[in-house]
Amino acid sequence: MKRLTILFALVLTFVIPTFAQKSCLQTAICGARSNAERTDYKGKASLLKAIGHAEKVLEQESNIHKINAETARLRRATEKYLSHRPSQWVTIQNGKLWTTTAGDTVQAHAPGFLRIGDLWYMVGEDRSKSWNPDVNLYSSTDLATWKFEKKIIENGVTSPELGKTRMIERAKLMYNQRTGKFVVWCHWEASNYGASEAACFVADSVNGSYRMVWSGRPLGIKSRDCNVFQDTDGTAYFISTTEENNHLGLFQLADDYLSVTAHTQLFPWQKREAPAIVRLADRYFMFSSACSGWDPNQCKLSVSSSLQSGWSELANVGNAIAYDTQAAAILEIRGTKQTTYLYVGDRWQDPDLPRTKTIIFPISFSDSTCHFAYHERFDLNFVTGEWRATPSAPSFADKSGWTVASCSSQETTSENAPAQHAIDGNAQTLWHTRYSSTPATPPHHLTIDMGRTLAIQGFLATPRMDGDANGLIRKYEFQVSQDGYRWTTVAAADWLPYCTEVDFPAQSCRYFRLVSTEGAFASLAEIDVINASADY
């Protein structure tokens, strides 16, 4: 009898494939097919042939070793195909609304990312219904062109509570290589933020049917703003603000990522949120922000050689409002020449919740520090892993003949911040309104004579880039004139987008004026206008 039991166990272990192993092969097939459909590289016919063979194995094979071997073969075939991706530069521009390949606005706020082959998948909050967001899924090969896949979590559909007594924030996506499943963790909240819970969803494919498997307070601990992290050994963690936003909680997940097994309290009483972790070699880098509602604040960095302990004191990165963003993710672009890391942040309420922006720019690390500098646009090469500042294009008008026609005031006593600095081509200098002796009062303005009549269709106001947010312009008017006396307002809002091009219908003018209509001070590093002939 004992021998029969052992024999039966061997049969179960070595002959009958587990559901997890078939799921892994199914995932490999779906990933390979999606990459083949969205790309056109050398060797596509060979990849399609490999996919067809894998589909037959999935359908007909019952030997666990052959299932695993086929999964490995298809992954190698996919990697070989993707290695033929042509080396090219992709421009990523910050501050404008993203649109899909169908022309719709991308709704994926507080995004989470997962890369499968050459396809990036992004999940995030659909804030078109501001306070009852669904969770949308998008895909892209270049982080600039996005295709809408589907709503993976939907109010009243995925769960009857959603859209009624519960809402979702900060959904994050992971793939579990052990089980072949796709897992979403999120903040699962009531309208008054009294629930303080998390929730977990799972699906068999990245754009499959997600179902809720758990919701509640992890290990009984109040949990709100959150993120996830997968370590190099496959161990996954859910990180959230805990106990009324006083601490950060690091929750280790079970092997299947569907439940919490352990908790470590981090940064007690420091009220940190929006944690985003990346690992470089044997060090972990965590970005986080203070709890200030929708308003931006100073991003801070902490470093440790262990997730559970030894985190360094919080150090400032970026400027006092971390370039008007709150951390969402850190992406790794590993190429043939180098690895580039991209910071992804939310620019909340720009200009309102449904039109909140997603911001991406490259960062780099050295020892225990991070070079964290904002870029309005940059170029990225997904093959080599390199990035560069976007080469100058004729979209911006030549400033060589410009002069300052007038300004409301300038500070030249306590600091060298004359109005001329706003057109000197150097983003490290700045114009600041007067604050010594008798401070200037709003409205503040800067008027530029371009020396000739130009047709323009927008402007770019670059805020001070020295880490200080003093004088940041919010409520504004942008005006144009032919003679410097009669003015037409062509753009105005309660929010001047941070270092973002503002478009308007083409205007012929010689003069333009930026007016800051409120605020004790105004400051500006550079002002540029966009040629009406610019095509991008």
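Every read-out reported here was derived from the displayed coordinates using simple, explicitly stated rules and does not represent laboratory data. Please read these numbers as outputs of a predicted model, since none were measured by experiment. Don't worry about glycine lacking a Cβ; one is built from the backbone with ideal geometry, like all the others, and counts go over all protein chains shown.
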TODO: Report the label-to-label distance for Thr453 and Asp398 in nanometres (one decimal), using points 7 Å from each Cα along the Cα→Cβ vector.
DONE: 1.9 nm
Open item on the list: Straight-line reach only, C-alpha to C-alpha below 13 angstrom: list the aspartates and glutamates that Lys300 could link to, leaving out same-chain residues fewer than 8 apart.
Closed with: Glu273, Glu313
TODO: List the aspartates and glutamates whose Cα lies under 13 Å from the Cα of Lys271, skipping any in the same chain that are fewer than 8 positions away.
DONE: Asp225, Glu243, Glu244
Open item on the list: Please report Rg (one decimal) and Dmax (integer) in Å for the Cα set of region 331-397.
Closed with: 14.3, 41
Task: Modelled FRET efficiency - R0 35 Å, Ser305 with Asp256, Cβ distances, 0.05 increments - done: 0.80
Open item on the list: At 7 Å along Cα-to-Cβ for each site, give me the label-to-label distance between Thr413 and Arg178 in nm.
Closed with: 6.8 nm
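With the cut-off at 29 Å, report for the chain the share of all Cα pairs above it, as a whole percent.
The share of Cα pairs beyond 29 Å in the chain comes to 58 percent.
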TODO: Kindly write out, for region 514-519 in residue order, the coupling ³J(HN,Hα) from the Karplus curve 6.51 cos²θ - 1.76 cosθ + 1.60 (θ = phi - 60°), rounded to whole Hz, with x marking Gly and Pro.
DONE: 9, 10, 9, 7, 8, x
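I need the calculated FRET efficiency for the pair Asp466 and Lys66, taking r as the beta carbon distance and R₀ as 56 Å, to the nearest 0.05.
Approximately 0.35, to the nearest 0.05.
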Task: Amide N of region 368-385 lying under 17 Å from the label point, which is placed 7 angstrom from the Cα of Thr336 along Cα→Cβ - done: 380-385
Open item on the list: Using each residue's phi in region 227-243, evaluate 6.51 cos²θ - 1.76 cosθ + 1.60 at θ = phi - 60° and report the 3J(HN,Hα) Karplus result to the nearest Hz, with x for Gly and Pro.
Closed with: 7, 10, 8, 10, 7, 5, 8, x, 5, 10, 9, 10, 10, 8, 6, 10, 6
Open item on the list: Give me a comma-separated list of calculated 3J(HN,Hα) values for region 140-157, in order, Karplus coefficients 6.51, -1.76, 1.60 applied at θ = phi - 60°, integers in Hz, x for any Gly or Pro.
Closed with: 7, 9, 9, 6, 10, 10, 10, 10, 6, 8, 4, 7, 8, 9, 10, 4, x, 10
TODO: Subtracting the Cα-Cα distance from 0.36 nm times the residue separation, let me have the gained length for Asp483 to Arg38 in nm, one decimal.
DONE: 155.0 nm
Open item on the list: Quick check: Cα centre of region 75-112 to Cα centre of region 503-526, how many Å?
Closed with: 33 Å
- [ ] Would you grab the residues whose amide H sits under 5 Å from the one on Val529? Only those 5+ places off in sequence or on another chain, please, with H modelled 1.01 Å from N.
- [x] Ala397, Leu460
Task: FRET E, pair His53, Thr235, Förster distance 41 Å, beta-carbon r, rounded to 0.05 - done: 0.80
Open item on the list: Test of understanding: what is the full-extension gain from Ser508 to Arg76, defined as 0.36 nm times their sequence separation minus their Cα-Cα distance?
Closed with: 149.8 nm
Task: Long pairs among Lys96/Lys151; Lys151/Lys475; Lys147/Lys181; Lys147/Lys475; Lys129/Lys357, criterion Cα-Cα beyond 26 Å - done: Lys151/Lys475; Lys147/Lys475
Open item on the list: Using only DSSP helix segments of four residues or longer, with each worth -39500 (n - 2.57), what per-residue ellipticity at 222 nm results for the chain after dividing by its residue count and rounding to 500?
Closed with: -4500 deg cm²/dmol
Open item on the list: Just want the ordering: Cys299, Cys370, from fewest to most Cβ atoms lying within 10 Å of their own Cβ.
Closed with: Cys370, Cys299
TODO: Along Cα→Cβ, 7 Å out, is where each label goes; now give me the distance between the ones at Tyr193 and Ala520 in nm to one decimal.
DONE: 2.6 nm
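Expressed in whole Å with the largest first, what are the equivalent ellipsoid semi-axes of region 403-531 derived from the C-alpha gyration tensor as the square root of 5 times each eigenvalue?
Largest first, region 403-531 gives 22, 15, 14 Å.
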Open item on the list: Cβ neighbours within 10 Å, averaged per peptide: list 55-61, 255-261, 25-31 in order, most packed at the top.
Closed with: 25-31, 255-261, 55-61
Open item on the list: Among Ile29, Tyr41, Ile64, whose Cα projects farthest towards the positive end of the dipole of region 13-70, with charges put on the beta-carbon of Lys, Arg (+1) and Asp, Glu (-1)?
Closed with: Tyr41
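Compute the length gained on full extension between Glu154 and Asp352: take 0.36 nm times their separation in residues and subtract their Cα-Cα distance, giving the result in nm to one decimal.
My answer for the length gained is 69.1 nm.
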TODO: Pull up all non-local amide H partners of Ala329: gap of 5 or more, or a different chain, and H-to-H distance under 5 Å with H placed in the peptide plane.
DONE: Val344
TODO: Can you grab the distance from the C-alpha centre of region 199-273 to the C-alpha centre of region 293-338, Å, no decimals?
DONE: 19 Å
TODO: Mind listing the long-range amide H neighbours of Arg115? Cut-off is under 5 Å, sequence gap 5 or more, other chains count too, H placed in the peptide plane at 1.01 Å from N.
DONE: Tyr121
